[in-house]
Each structure stands twice: as structure tokens, then as C-alpha cells.
Amino acid sequence: MNVSRPIRARIAPAALRHNYRVAKRAAPHASAWAVIKANAYGHGQWRAVEALRGEADGFALLEPEQAVALREAGVGGPILLLEGIFSARDARAVGEFGLTTVIHCREQLDLFLRALPAAARCGVYLKLNTGMNRLGMGSADLAAALAALAGRPGIEVTLMTHFAEADGPRGIDGQLARFAEMAGDWSGPVSFGNSAAILRHPAGHGDWVRPGIMLYGASPFADESATALGLRPTMTLESALIGVQELQPGDRVGYGGTFTAEKPMRIGIVACGYADGYPRHAPTGTPVAVAGRRTHTLGRVSMDMLACDISDIPAAGIGAPVTLWGDGPAGSVAADEVAAAAGTIAYELFCALAPRVPVAVDAE
Ligand SMILES: *Cc1c(COP(=O)(O)O)cnc(C)c1O
């Protein structure tokens, strides 16, 4: 691909597949939804579907229209709507296309059962609120929902919950205990684990796990790297130097002059800014790789550019390759490292990849 501005994102389908297999190995007794919401965490929904077709046990996303589009594109396996239906039309689509939908409250169940044809065959994931206090039913609504669904043999019911702190010291025990209490003598299928629970809490898997971020090669943990978890980067954001400046002591860099050189320095200007999805809050010192060497950013990130220190990389001139995150010819920088420096998580970096960045898919 020949583009005039050197920035691009590269997506690695083989790495996506590898990471899916890591999830399956970590949860060997569970089936696994490949979570492709938010445009597959910025990777492109269809790119993720292509990479995982024939491999993933099912696909999970948010928009009913996208679920229908997957079916119409020939995806025959299970498809899960993670926030459920939003309208009677969605409910009919669940029946017509044999989708599986989350139902997280009484109102949504009423809407669903009123609109769904009596003979429809589909799946329902009843979502229990076990402590996250975002979506999910309490015990009374669950009992009413199970009673209402008992008269609909075409609907296969699964109980699910979502963990709030599977990546942290409190873990999942409290929520699992609450789930067991609420589910009572339920013996049907259950679905629990997000990436963090898949990797750290075998008790928090259930019959279906729901890996998201780990598929995209980032770690769900602040204290363990993706590499240590055996994950491979699936998105590389790369660009090149389009300018070089020689600084004298006292010279400042970028808007607000937040970085001041204390010694003579050479700095490189990278064609990548916050309008490309690079986090504006990444401070001086955020890692970046230039021409095969790791270095760091300097000063504020602007809309279209950022600066980095190339004092120790004399070979790097205009045109030198740059890796902002991922794994490229310029070197490797984990998206998690950039995210940590910027006070966020790789999820947000991936999702924020801007539409103006051209995307290339690695050949397999
Ligand atoms: C997004 C999402 C997941 C995936 O979470 P990760 O932390 O990305 O693995 C799993 N379950 C539900 C309900 C979600 O919304």
C-alpha cells in the first residue's frame, strides 16, 4: 500500500487466531464467544470475523443490525447480543436469524416475549447482577423471568454474570457466591469469564467464556504483560519521521513548551497525533520505537504529530520507521505500555484508532 502520509495500522489475523487459542487453552472445558464489539476493539469487525471464522465457537457483539449482517454473510454459529435487544424489531430479528440475546431486566424481557413469535428458536442469556451494578437482574426478576421462559421450549436459556474485578485483588469469589445464591438449583448452562477471569480464575469460566481484550493481544492485568501471558500483538500502529530538529539547552518542544532540553538533543517528529487515535495525555517519556531502537516521546502530543528523542539513534532521519505500538520493523512497543503511560488501558487505545488511519491486513 502506498499512501502519502506514512501512518498506518496493521492487523495480524494469525495473531488474533493464536490469541483465541490461548483463551481456549486457558478455559479447556468451556466454549468461547469471540467478543467483537466496538468494531472488534478497533480492529474492524469483519477483519476479526474473517480471522476467526471456522475457529470461534461464536461471536458476541452489541448491535442487532451487525448480528443480522453476520448471519447474512454466512456466519452460521452462535451470535450473542451482549446488551440484548433495544426494540420489538430486534426481538423479531433474534427469532428470525436464530440469535442469542442477553436479557438483563424485566422490561427487556417483556418487550422480547411480546414481539417474539411463539415458535421462534433462539437463545436467551439471562444476566444476573452479582455486584457490578451495571446491567443485570436481582433474584425476584430472575425467578419471574425463568417462569415466563419455561413456557417457551424453543428458547434455550443460559444464566450469565459479568465480573467487575477479575483483574484485581478482590477477584471473583464474592460475585460467584452471589451468583450461586441467586441461581439456586439451576442446572442449565452458565457463562462467566471475561479475559481476566479466563486467565486467572478457573472457577470463573462456566460453560461459555467471553474473551475480549486478550484476543487483541493486550493484557487485562496491570501487573502482567501480554507477552508473559503468551499473547501476540494484533494491531501495530506505525508511521515514520517527517521532521528532525536539533535542540540546544533551554529549547522547548511543542505546544505549551512542556519539555525543555537540558543538553543538545536531536528530536524526531512523527506523523502521528491525537487525531489518529494516539492518546493526547501520553506524557514525555512514553515509549516509542524508531528505526529498531526504543526511545520515548517529548512534550505534548499534537493533533497530527508528536516528538521523540532520537539523540542516541543517529541513523534515524526523515523517513525512519516508527512503531507507536505493536510489533513492526521499527521495533516493539506494547500497547499496554503506551496505555499505562497515558493513564488508560489498551482497550481505549484500540477503540480510539481514528478512521483516517489506513488499515492493512497482514498476509497469511
Ligand atoms: C466486553 C465484554 C467482555 C469482554 O471483556 P474483556 O475484558 O475485553 O475480555 C465479556 N463480557 C461482556 C458482557 C462484555 O461486555
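Read-outs: derived from the displayed coordinates by stated rules, not from any lab. Every value quoted in this text rests on a predicted model; they were computed, and no experiment measured them. Please note: Cβ atoms are built from the backbone with ideal geometry, for glycine as well, and neighbour counts cover all protein chains shown.
Sort 226-232, 247-253 for me by packing, meaning the mean count of neighbouring Cβ atoms within 10 Å per residue, highest on top.
Details: 226-232: 17.9, 247-253: 14.6.
Ranking, from highest mean packing down: 226-232, 247-253.
Once you put a point 7 Å from the Cα of residue 252 and another 7 Å from the Cα of residue 303, both along the Cβ direction, what distance in nm separates them?
So the label points at residue 252 and residue 303 sit 2.1 nm apart.
So what are the radius of gyration and Dmax for the Cα set of the stretch 297-352, in Å?
Every Cα atom of the stretch 297-352 included, Rg and Dmax give 12.4, 34 Å.
Once you list every other residue whose beta carbon is under 15 Å from the beta carbon of residue 91, what net charge do they have if Lys and Arg are +1 and Asp and Glu are -1? The partial results should precede the final answer.
Details: positive: 89, 92, 106, 114, 121, 152; negative: 63, 65, 83, 90, 96, 107, 110.
Around residue 91, the surrounding residues sum to -1.
Any idea which of 208, 186, 282 is furthest toward the positive side of the dipole for the stretch 138-283, if Lys and Arg beta-carbons carry +1 and Asp and Glu beta-carbons -1?
282
Quick one: compute the contact order of the stretch 13-216, relative version, from alpha carbon pairs under 8 angstrom and 6+ residues apart, as a percent. Numbers along the way, then the final one.
Values: 377 pairs, mean separation 43.8, N = 204.
Relative contact order for the stretch 13-216 comes out at 21 percent.
Please work out the FRET efficiency for the pair residue 359 and residue 89, using the Cβ-Cβ distance as r and a Förster radius of 41 Å; give the result to the nearest 0.05.
Once rounded, the FRET efficiency stands at 0.85.
For residue 119 and residue 348 in the same chain, what is the full-extension length gain: residue separation times 0.36 nm, less their Cα-Cα distance, in nm?
Gain in length upon complete extension: 78.3 nm.
How about the stretch 231-300: which GluC sites (Glu not before Pro) there lie in a loop by DSSP and see at most 14 other Cβ atoms within 10 Å?
Passing both the DSSP loop test and the Cβ count: 262.
To make sure I understand, if each residue's beta carbon is the centre and we count other beta carbons within 10 Å, what order do 132, 137 fall in, fewest to most?
Listed from fewest to most nearby Cβ atoms, that is 132, 137.
For the chain, take the convex hull of the Cα atoms, compute a quarter of its surface area, and give me that in nm², please.
If I average the Cα hull's projected area over directions, I get 19.5 nm².
Expected output is a single nm value to one decimal: the length gained when fully extending between residue 223 and residue 165, i.e. 0.36 nm times separation in residues minus the C-alpha distance. What is it?
The span from residue 223 to residue 165 would gain 19.5 nm if fully extended.
Give the residue list of GluC sites (Glu not before Pro) in the stretch 1-85 that are DSSP loop and have at most 16 other beta-carbon atoms within 10 angstrom.
55, 83
As a test of the formula, what do you get for the chain when each DSSP H run with n ≥ 4 contributes -39,500 (n - 2.57) and the sum is divided by the residue count, at 222 nm and rounded to the nearest 500 deg cm²/dmol? Don't jump to the answer; show the numbers that get you there.
Details: 11 runs with 97 residues, N = 364.
After summing the helix terms and dividing by the residues of the chain, the value is -7500 deg cm²/dmol.
Ranked by Cβ crowding within 10 angstrom, fewest neighbours first, how are 234, 297 ordered?
By the 10 Å Cβ count, ascending: 297, 234.
Please report 61, 142 as a ranked list, fewest other C-beta atoms within 10 angstrom at the top and most at the bottom. Write down the numbers at each step before the final one.
Values: 61 26, 142 21.
Placing the least packed residue first, the sequence is 142, 61.
Applying 1/(1 + (r/R0)^6) with R0 = 35 Å to the Cβ-Cβ distance of residue 294 and residue 132, what FRET efficiency is obtained, to the nearest 0.05?
It comes to 0.40.
Multiply the residue separation of residue 106 and residue 340 by 0.36 nm, subtract the distance between their alpha-carbon atoms, and state the gained length in nm to one decimal.
80.3 nm
Report, largest value first, the span of the C-alpha coordinates of the stretch 235-361 along each principal axis, in whole Å.
Cα spread of the stretch 235-361 along its principal axes, largest to smallest: 40, 28, 23 Å.
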